[in-house]
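**Student:** Once you've had a glance at the structure underneath, I'll fire off some questions.
The values are calculated or read from the model by the stated rules, or taken from the named source; none is laboratory data. All figures in this text were calculated on a predicted structure; none of them were measured in a lab. Reconstructed Cβ throughout: ideal geometry from the backbone, glycine too, with neighbour counts over all protein chains shown.
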Amino acid sequence: MELSFALLLLATHGLPILFFAYMSTEVLVRNQRSVEHILLSVISFLYLLLFAAEYVRAQVPIEYSPLLSSVWFSSAGILIPGTCFHFIIKFTRLDRNLPKYMKYIYPYVFYLAVPFVIANIVSGAQLISAQEFTEAGHWKVPVYNTGYYMAMTGSILTDALYLIPLMIAKKKSDFQEQRSIYNQLAFGIVAAIIWHCIFGYINFGGALPPYPYLYSGVIWCYFLRMTMKKHDFLSLYDRRYEKLYNMNPHAIVLADPHLTVKHANPAAVRMLGSFPFSADRLETWLDPELTKEIRDRKKISGREFELRFGDGKRLVLLVNADYVLVDNETHTLLILQDITVQKMQQEEIAFLAYHDPLTRLPNRRYFHEQLDAALEQARRNDETLALLLIDFDNFKLLNDTCGHLAGDEALRQAAQILRDCQGKSGVAARMGGDEFVMYIAGSPSVQNIERLVGDIKRRFGEYVSGKFGLTSVGLSIGYSFYPADGAEVQALINAADNAMYLVKHGRSRDPGL
């Protein structure tokens, strides 16, 4: 063999062999458990066998060409269409909607040629007729006879049939990236068919290597490779972003079409692991509305939702959701940010705008807004309303004797007693210092208010004497009624203040203790 021909053969057949070897190995290494990966690796290997057969045939005498063509070349070529169909059906997920009768023969129907190939090899190429070859320059080219053209036409028609499942899958797809993948694969098939027609039907003699249409396999596998790189449909996520994925402080969750969590980064594992329920199913912890939007493939941005648990734990999450293709299936990608602390801070700021920070009771502003509304309702419904003013007795003595922390604790206890006693129709508030106010709506009677006053004073007196041993520290309470003591807020406050003054000086109707 001349050196120039050896180098030419290395370029025309050696490089494609290296390409298919790399393609087959690289795809399989990505995921050895995936059927699609295995099939694509097998397709690449079969094309490798085709070029390897031609590489060997070019270097041996022409009398070996019929045997090599029938046993080696034809066997690999016969297996390619069925494997390609299996790959496309599996990749497009059309196998999930096959008719019942088809499920019994899937995927075996694609490999009916395997026993035939085995029998042909064992019989020494008795089942595949030997092809005629002739010398044309350095090449041993096939004779373009009727059998050749029939085989070529059948091969082209088979390639065209690949488009049918791709178009069906594209029509059923509601995901733009998925349709883009199908378009790209279809374009690769069309390009391969055109190449097949030009270099399969036209006899170029010795100007080109034998079977120049074989390079359509390079085109087809090249498009598969480009699609894989562009859309990354044969791997979970690109290795370049693996460290970013693992280091991200936000929880990142990937869920399959059934909303089962398939992958989660370390932050998500820590977060989901703290939930008192199974976190591997999104619908068990996402609210129904959010779950429905995810099932409808709606993009979600900056959505807040809250989880509350039986032990009182509360978790507020900020959710962003989008959709990606993994192994050509639409998966949900969730980014979860724990904003519980920020949410609590915001709520605290909003709370303090209308509440007293020490006692957590409503402040003067909030109380007057509520009282105005309650008085308006009382006017409309022709009802009465009671207003109570509450003031500490000897509060300075408590501070001087037990300290200001004790005074703060007493204020908080008084606030809690008022909260307990206000009921559903009342509102209590801290006016400032050691002064509180409360109204009771819904036409309370004088007897009801006197019992309420007695209960408040008794409970607070028991607390102070038991906690600090002081019997002189208590509460003075004066009350007034709408509309008997006034129709406006200030009039009711003045009347209640006068009543409280009389109580402090022992000249009122006070049930006392």
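**Student:** Exactly one of (1) among the polar types (S, T, N, Q); (2) under 23 Å from HIS86 (Cα atoms); (3) buried (at least 16 other Cβ atoms within 10 Å of the Cβ) is unmet by GLN131. Its number?
**Tutor:** Unmet condition: (2).
**Student:** Residues that are among the hydroxyl-bearing types (Ser, Thr, Tyr) and surrounded by 14 or more Cβ atoms within 10 Å (Cβ to Cβ): which strands (runs of 3 or more DSSP E) entirely in the stretch 381-489 hold 3 or more of them?
**Tutor:** Because the criterion is at least 3 residues that are among the hydroxyl-bearing types (Ser, Thr, Tyr) and surrounded by 14 or more Cβ atoms within 10 Å (Cβ to Cβ), the strands (runs of 3 or more DSSP E) in the stretch 381-489 that meet it are 474-482.
**Student:** Restricting to the stretch 93-117, name every residue that is more than 30 Å from ILE128 (Cα to Cα) and free of Cβ contacts under 8 Å to residues at least 12 places away in the same chain.
**Tutor:** ARG96, ASN97, LEU98, PRO99, LYS100, TYR101, LYS103
So that you can scan it fast, the table gives a plain yes or no per residue for (1) hydrophobic (A, V, I, L, M, F, W, C); (2) modelled with pLDDT of 85 or more; (3) touching a helix residue (DSSP H, G or I) at 6+ places or on another chain (Cβ under 7 Å):
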position: ASN328; (1), (2), (3): no, no, yes
position: THR332; (1), (2), (3): no, yes, yes
position: ILE339; (1), (2), (3): yes, yes, no
position: GLU348; (1), (2), (3): no, yes, no
position: TYR366; (1), (2), (3): no, yes, no
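**Student:** Could I ask something else about it? Quick check on the stretch 152-160. Is at least one of its residues in the same structural domain as PHE223 (by TED's automatic domain parsing), under 19 Å from ALA53 (Cβ atoms), among the small types (Gly, Ala, Ser) and modelled with pLDDT of 85 or more?
**Tutor:** Yes, some residue in the stretch 152-160 is in the same structural domain as PHE223 (by TED's automatic domain parsing), under 19 Å from ALA53 (Cβ atoms), among the small types (Gly, Ala, Ser) and modelled with pLDDT of 85 or more.
**Student:** Report yes if some residue within the stretch 77-91 is without any contact (Cβ under 8 Å) to a residue 24 or more places away in the chain and small (Gly, Ala, Ser); otherwise report no.
**Tutor:** no
**Student:** Follow-up question, since we're still on this one. Tally time: how many residues in the stretch 117-147 are assigned to a helix (DSSP H, G or I) and of a type outside the set (Gly, Ala, Ser)?
**Tutor:** Our first condition is that a residue be assigned to a helix (DSSP H, G or I); within the stretch 117-147, this holds for 117-122, 146-147.
Add one more test, that the residue is of a type outside the set (Gly, Ala, Ser), and what stays is 117-118, 120-122, 146.
Matching residues across the stretch 117-147 total 6.
**Student:** Go through (1) assigned to a helix (DSSP H, G or I); (2) over 45 Å from the mean Cα position of the chain (by Cα) one by one and return the number of the condition VAL341 breaks.
**Tutor:** (2)
**Student:** Residues of the stretch 459-479 being at pLDDT 90 or above, more than 59 Å from the chain's Cα centre (by Cα) and among the hydroxyl-bearing types (Ser, Thr, Tyr), which ones?
**Tutor:** Result: SER476, single match.
**Student:** Could you tell me whether ASP174 is in contact (Cβ under 8 Å) with a residue 12 or more places away in the chain, among the acidic types (Asp, Glu) and in a helix (DSSP H, G or I)?
**Tutor:** no
**Student:** Can you confirm whether ILE335 is touching a residue at least 12 places away in the same chain (Cβ under 8 Å), closer than 23 Å to ASN265 by Cβ and outside any strand (DSSP E or B)?
**Tutor:** no
**Student:** For SER65, indicate whether it is over 48 Å from the mean Cα position of the chain (by Cα), surrounded by 19 or more Cβ atoms within 10 Å (Cβ to Cβ) and under 26 Å from MET23 (Cα atoms).
**Tutor:** Judged against the criteria, SER65 is not a match.
**Student:** Then there's this: Run down LEU39, LEU28, LEU67 and say which single residue is of a type outside the set (Lys, Arg), touching a His at 6+ places or on another chain (Cβ under 8 Å) and in contact (Cβ under 8 Å) with a residue 40 or more places away in the chain.
**Tutor:** Going through LEU39, LEU28, LEU67 in turn, the sole match is LEU39.
**Student:** From the list PRO115, PRO107, exactly one residue is closer than 25 Å to ASN183 by Cα and within 47 Å of the chain's Cα centre (by Cα). Which is it?
**Tutor:** PRO107
**Student:** Conditions first: (1) surrounded by 17 or more Cβ atoms within 10 Å (Cβ to Cβ); (2) in a helix (DSSP H, G or I). GLU369 passes all but one, so which condition is the exception?
**Tutor:** (1)
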